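Below is one structure, written out as structure tokens; comments come after it.
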Amino acid sequence: MLKNYFKIAFRNLTKNKTFSFINVSGLTLGFSCFILISLFVLDELSFDRFHKDVDDTYRIVQTITEASGDTRNVATIAPTIGPNAKDQFPEIVNQTRLLQIGRLTVGNDPLKRDYEQIWIAGPDFFEFFDFKFLYGNPSTSLTGPNNLVITESTALKYFGKKDVLGESLYTNRFEATITGVIKDFPPNSHINMETIHTIETWAPLFDEGRWFTSNWTSNSIITYLKTAPDFKKNDLESKITDLVISNYSDEIEYSSSFWLQPLKDIHLQSAGIDGGLNANQGSNLYLYMFAIIGVLVLVIACFNYMNLSTAAASKRTKEVGMRKTLGAGKSQLIMQYLGESIILSLVSLIIAITAVEFLLPYINNISGKALALPFDSIPLLTILLSVVLLSGILSALYPAIFLSKINPSKAFKTDIKLGSSGFSLKKVLVVAQFAISIGMIAATIIIYQQLNYINSKELGFSVDNKLVIDINSGPLRAQFESIKQEFEKLDAVKSVSVSSRVPGEWKVFPIANLETFENDNRSQSIFIGADEDFISTYDIQILEGRNLRNDPADSSSVLISKQAVAELGLTNPVGQRININGTVWNGDLDDGDGYAPTIVGVVDNFHFESLHKSQKPVMIASYRNPIHNIDYYTLNIETNDWQKTIADLQAINYQFDPQNPVEYTFLDNRFEELYRADKMRGQLFLIFSGIVIFIACMGLFALASFTIESRIKEIGIRKVLGASVKDIVVMVCKDFVLLVAFGFVVATPIAWFGIEKWLTDFAYRININLSFFLLAGVIAIAIALITVSYHALKSAWINPVKTLRSE
């Protein structure tokens, strides 16, 4: 029996090659998209879940409420909180700490080094987390001074082998001994480092180690906790908050509360949390969007198959009548039809898996991931087989039940049509397909409009032709004035500036709480130390007053942005003194211990951060200020030979610091990097939207063929009665255009709601209106007309004598 089912199924599939090709192609595309999106979603959901105690592991997050009332969340807290909380609260089983030092030069040769990100970790870090050790002892590798652990890639980079225990690595601070080598951090870990130093190594540079044991206010340390399974989360959060507040000094001008973020939520639910390790931060919103797209693509492919199967079923009534006459039962007919559908789905899945293998490198290149088909994954195989069975059954169930109910006596006398009434399943499915297509077209248009808006929005300064050099070594910092003069001698270099921060979120921006002596207003401002060339190099406009001067007597002068002036409520800002509280520099101004600079100028507002965030007020102080001085050179360059210019810069750097190479970045590339994830998601959205539309068009093409074929005699009669080609084309296309119009009505409110939700992720965004959706509707109607017109014209040109001959 089964053999007969397979044989008949194969014959039916090969009998109508066009129908089978469209069905297989549509299902293959649907399965391919579903598999790719499933791999993406499963990868995002897998972050940090390989740790055995993931359900009991948390990161401490601090909510800071400034004196101004503004709040912000940070994943960095004071170094003493973790150890003290563990000692005092029995529900904490263990804790570990991480501190980012920054990018320093590293190498196995004192004279040949490269830049690496340096981290400090507590001695129990590798017992706390389940990262795989290759060489060394996880319990002792992060103990003792001048010891460090590196990844296998770092070992291969500097030594050409993995087993490098006891070897030395030099930094621009000291020489350290390798006490452990670990496997590279998994791609689905929010923690990713190259070199991890011991606390004892760096303790002398942090107040002889006292900073790690007695500082309650420096928000610099990432702290993780492991808790008892039955602990009460809210109670522990309150205890930690009370512990910290009880150790605050009276000088602290902000309040804090602390909460526990589950380890498994860090990757997807850290929007609005500054600091911490999560370079490739995910988003729950995007995850939901792609999951919905994956399901919708598969649904459209199944709708296609269901629609075409329903249309084709009308041609199989005589076959069914014959089978019933020969004794076939209702269940046998249903099983045969479902079997054909499942076989076709299985063939489509096999082709889709092959296609996915070819497409994965391209998708990985766009997404920055390392997705692969895990053929040994029981959950994935179960999902795929379930999808095949479900799609096969659902796609064929309606026509199968219809065919099984046919009366044999009627089957031989006339053609029986499915859904011949005004409201039919076929029409509902076409409306659903184009509703999804229109929604995705509109979403794609708006996504690219938003990305274009971000790229073209005026930032308040110039990003073009800016080369930024990181100052990571002592010689570069100590001799910056001489180095700057040498840079300025190059013909390609138009200006050079030094500053503590540059636009583009390279490092955490220091926030200064500004107070005036004129009123009680306050402002949370980004604090930058810079020289007098910062303004001209970045082409920032001075609205009032003067620029900074290269004069030690001007070291207490500052520029503030127009936004800071507004927040402080100053009517005549130039000449006013500003008190800075809540920074590392506090004191009694009358005794000269504090830092109360004088405003010498007001600059126009500019964006230092991603446009996902609201613009912040800015204070630009002389680099001689006591808070933050210099970390970067910015060079404004005009050249047609970048290679030569960079070589000249490297040569100058070598004169002053032969051990450390130049680490440079183009500022415009850095700003592009801020939106890389958005662009990647936009590209993927465009690809999947195109596939949805293509599948819908293929289905519409085949459905139009079946529909017109069923009306071919009607068309012949109309032509005999005088209908023109235009009349026939309009008659045929009108029905399909109405279905697309219904799809537009269904899609618009749903898509509008979803896109508004996505746009809330941007502080600066476009305003959407009906025109975006009307454009999507027009595009969908145009595509539908082009798709249907081929069959409409073909039927209109047929000689009515041929269509009416049998009558």
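Quick look at the numbers
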| read-out | value |
| --- | --- |
| Any hit, the range 743-764, residues being under 16 Å from Ala796 (Cβ atoms), of a type outside the set (A, V, I, L, M), surrounded by 20 or more Cβ atoms within 10 Å (Cβ to Cβ) and in contact with a helix residue (DSSP H, G or I) (Cβ under 6 Å, 6 or more places away or on another chain) | no |
| Flag if Phe480 is at pLDDT below 90 and in contact with a Pro (Cβ under 6 Å, 6 or more places away or on another chain) | no |
| Elements of type helices (runs of 4 or more DSSP H) contained in the range 321-425, each with 3 or more residues being at pLDDT 70 or above | 330-367, 378-404 |
| Any hit, the range 682-702, residues being in a helix (DSSP H, G or I) and farther than 24 Å from Ser437 by Cβ | no |
| Verdict on Phe185 being touching a Phe, Trp or Tyr at 6+ places or on another chain (Cβ under 9 Å) and closer than 19 Å to Asp124 by Cα | yes |
| Restricting the range 427-443 to residues that are touching a Gly at 6+ places or on another chain (Cβ under 6 Å) and closer than 12 Å to Ala784 by Cβ, the residue that is modelled with the highest pLDDT | Ile438 |
| Residue ranges of helices (runs of 4 or more DSSP H) in the range 1-113 with at least 2 members in the same structural domain as Ile687 (by TED's automatic domain parsing) and modelled with pLDDT of 90 or more | 17-45 |
| Qualifying residues in the range 654-666 (those that are in contact with a Lys or Arg (Cβ under 9 Å, 6 or more places away or on another chain) and at pLDDT 80 or above) - the one farthest from Tyr632 (Cα to Cα) | Phe666 |
| Filter result (over 26 Å from the mean Cα position of the chain (by Cα) and assigned to a helix (DSSP H, G or I)) within the range 436-479 | Gly474, Pro475, Leu476, Arg477, Ala478 |
| Whichever residue in the range 480-501 is assigned to a strand (DSSP E or B) and hydrophobic (A, V, I, L, M, F, W, C) and, among such residues, is surrounded by the fewest Cβ atoms within 10 Å (Cβ to Cβ) | Val493 |
| Residue within the range 116-139 that is surrounded by 15 or more Cβ atoms within 10 Å (Cβ to Cβ), in a strand (DSSP E or B) and β-branched (Val, Ile, Thr) present | yes |
| Residue among Thr96, Thr71, Thr57 that alone is without any contact (Cβ under 8 Å) to a residue 24 or more places away in the chain, in contact with a strand residue (DSSP E or B) (Cβ under 6 Å, 6 or more places away or on another chain) and either closer than 30 Å to Tyr654 by Cα or of a type in the set (Ser, Thr, Tyr) (or both) | Thr71 |
| Gln281 being closer than 24 Å to His612 by Cα, at pLDDT 85 or above and not β-branched (Val, Ile, Thr) | no |
| Every residue from the range 615-674 that is under 30 Å from Ile578 (Cβ atoms), part of a helix (DSSP H, G or I) and of a type in the set (Phe, Trp, Tyr) | Phe671 |
| From Ser482, Ser499, Ser523, residue being of a type in the set (Ser, Thr, Tyr) and either over 38 Å from the mean Cα position of the chain (by Cα) or outside the structural domain of Ile637 (by TED's automatic domain parsing) (or both) | Ser482 |
| Single residue of Ala704, Ala723, Ala780 found to be assigned by TED's automatic domain parsing to the domain that holds Ile447, out of contact with any strand residue (DSSP E or B) (no Cβ under 6 Å at 6 or more places or on another chain) and at pLDDT 85 or above | Ala780 |
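The rows are residues; the columns are (1) modelled with pLDDT under 80; (2) hydrophobic (A, V, I, L, M, F, W, C).
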{"residue": "Asp668", "(1), (2)": "no, no"}
{"residue": "Lys679", "(1), (2)": "no, no"}
{"residue": "Leu684", "(1), (2)": "no, yes"}
{"residue": "Gly690", "(1), (2)": "no, no"}
{"residue": "Ala696", "(1), (2)": "no, yes"}
{"residue": "Asp727", "(1), (2)": "yes, no"}
{"residue": "Leu738", "(1), (2)": "no, yes"}
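The values are calculated or read from the model by the stated rules, or taken from the named source; none is laboratory data. No experiment lies behind these values; they were computed from the predicted model shown. FYI the Cβ positions are ideal-geometry reconstructions off the backbone, even for glycines, and counts take in every protein chain you see.
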